[in-house]
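K.L.:
Could you have a look at this structure, given as structure tokens, before my questions?
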Amino acid sequence: MPRLKMLRELTDRAVLAEVFTHGRVTRVDLADRTGISRPTISESVRRLEAAGLLTATGSRETGQRGRIATFYELGADTGHVIALELNQFGVHAMAYDLRQTVIAERRAEPGGDLVDKVRAAIAGIEAPGPLRAVAVSVANPVDPATRAVIPLAGSPFPEGFVRLDDVVDAPLVVDNDVNWAALAERRAGAATEATSFAYVHVGAGIGMSLCLGDQLIRGAHGLAGEIGYLKGDNGLTLTDALLRQGFGTPPAIDVPTVLAGDRPAFGAAIGRAVAAACTVFDPELVLFGGPLGGHPEILPHIRAALDGATPAPMRVAAGEFGDAAPIWGAVAWAVDHGRERLLA
């Protein structure tokens, strides 16, 4: 019996994996794609339909006399996931089904009680089925052991951040926005083929994620890659040095000011800091994102500063997801986790 139960579970997983990938499928499609016998597929479809995880959505002629094939797709009981992005611009919430199709989107302006805004954003999302997982992107480092948000001077949440465990009744993970952006680029962006890469966000703040294969290097305290705090010969951090050069007002760099100012000087300063980090890490690829990192008027100056600045050559490119990278990374994790919960 245990072996039979395991075989049923493996079949159900294979069937749902095909539905996640292809959407509407027939039992014949499932048998052809998985290599599992049609009677076994039919039993699995019946189980999943009875559980509300698959639903019949129509039929088509097979081309054989009298034969009609029924289409199946995910049922409402498969549920949904939510990705939240919290930063100085407010709250951005997106709900997706487990095929990674957007269901709903909500935004809230900054100001007021942040947890109340998060609660209202989640409550305002009308989505079918249970909430399977929630991923939260914050513009602060996150402790890798406790998942607590670390307050740092100059960050959008310098007083720390209230945990959201009591806000949502589902598995929840909070991570730094640059880490989520790196995940997005690794999964479906410019870093899919890289054996190692660094993702550098340059905007109102500066941060870096370091990835070796699929492993994100977080550091003992979650502070790996905080290159904005690198100090130069004058004792100033990179961020403070840029602010003193007139590229913004403490604590944040101002994007329009940078674009209207000495762009080569700004790019050179960023390039030197990235070169220092990459000399230690030696990545194959360095991706730049954020309002300034991937900007066509800034990236060439960063690339020029990096040219020959490290012992080994490395590719330099703009990320493919732009400013949307953090929430896309959060969506990818939430969908993966939601699928695993469903399959379990």
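K.L.:
For Val45, indicate whether it is assigned to a helix (DSSP H, G or I), open to solvent by less than 60 Å² (accessible area, probe 1.4 Å) and closer than 30 Å to Asn176 by Cβ.
P.N.:
No: the conditions fail for Val45.
K.L.:
Helices (runs of 4 or more DSSP H) wholly in the stretch 288-344 with at least 3 residues that are open to solvent by less than 30 Å² (accessible area, probe 1.4 Å) and hydrophobic (A, V, I, L, M, F, W, C) - which ones?
P.N.:
The helices (runs of 4 or more DSSP H) meeting that bar are 299-306, 325-343.
K.L.:
Consider only pairs whose beta carbons are under 7 Å apart and that are at least six residues apart or on different chains; among these, list those whose first residue lies in the stretch 28-55 and is over 13 Å from Leu16 (Cβ atoms) and small (Gly, Ala, Ser) and whose second residue is assigned to a helix (DSSP H, G or I) and open to solvent by 70 Å² or more (accessible area, probe 1.4 Å).
P.N.:
So the pair list comes out as Ala31/Arg38; Ser42/Arg27.
K.L.:
In addition: From the list Ala95, Ala123, Ala139, Ala148, pick out the single residue that is small (Gly, Ala, Ser) and open to solvent by 60 Å² or more (accessible area, probe 1.4 Å).
P.N.:
Answer to the selection: Ala123.
K.L.:
Let me ask something else about it. Looking at (1) farther than 23 Å from Gly329 by Cβ; (2) at pLDDT 95 or above, which is the one condition that is false for His201?
P.N.:
Condition not satisfied by His201: (1).
K.L.:
For the stretch 28-41, which residues satisfy the criterion of being farther than 15 Å from Leu53 by Cα and assigned to a helix (DSSP H, G or I)?
P.N.:
Val28, Asp29, Leu30, Ala31, Asp32, Arg33, Thr34, Arg38, Pro39, Thr40 - these are the residues of the stretch 28-41 that are farther than 15 Å from Leu53 by Cα and assigned to a helix (DSSP H, G or I).
K.L.:
Please give the number of the condition Arg107 fails out of (1) in contact (Cβ under 8 Å) with a residue 40 or more places away in the chain; (2) more than 18 Å from Asp336 (Cβ to Cβ).
P.N.:
Looking at each condition in turn, Arg107 falls short on (1).
K.L.:
Here's another thing I want to ask about it. Please determine, by comparing only the residues of the stretch 48-72 that are modelled with pLDDT under 90 and charged (D, E, K, R), which one is least open to solvent (accessible area, probe 1.4 Å).
P.N.:
Arg60
K.L.:
When the residues of the stretch 1-27 are filtered to those that are open to solvent by 70 Å² or more (accessible area, probe 1.4 Å) and in a loop (DSSP other than H, G, I, E, B), which remaining residue is nearest to Tyr72 (Cα to Cα)?
P.N.:
The extreme case among them is Arg24.
K.L.:
Open to solvent by less than 50 Å² (accessible area, probe 1.4 Å) and modelled with pLDDT under 90, is that true of Leu114?
P.N.:
Considered against the rule, which asks whether it is open to solvent by less than 50 Å² (accessible area, probe 1.4 Å) and modelled with pLDDT under 90, Leu114 comes out as yes.
The values are calculated or read from the model by the stated rules, or taken from the named source; none is laboratory data. It should be emphasised that the depicted structure is a prediction, and the values quoted were computed from it without experimental measurement. Neighbour counts are summed over all protein chains in view; Cβ atoms, including those assigned to glycine, are modelled from backbone coordinates with ideal geometry. Ligands, DNA and RNA are excluded from the accessible area calculation, which covers all protein heavy atoms including side chains. Shrake-Rupley method; radii C 1.70, N 1.55, O 1.52, S 1.80 Å.
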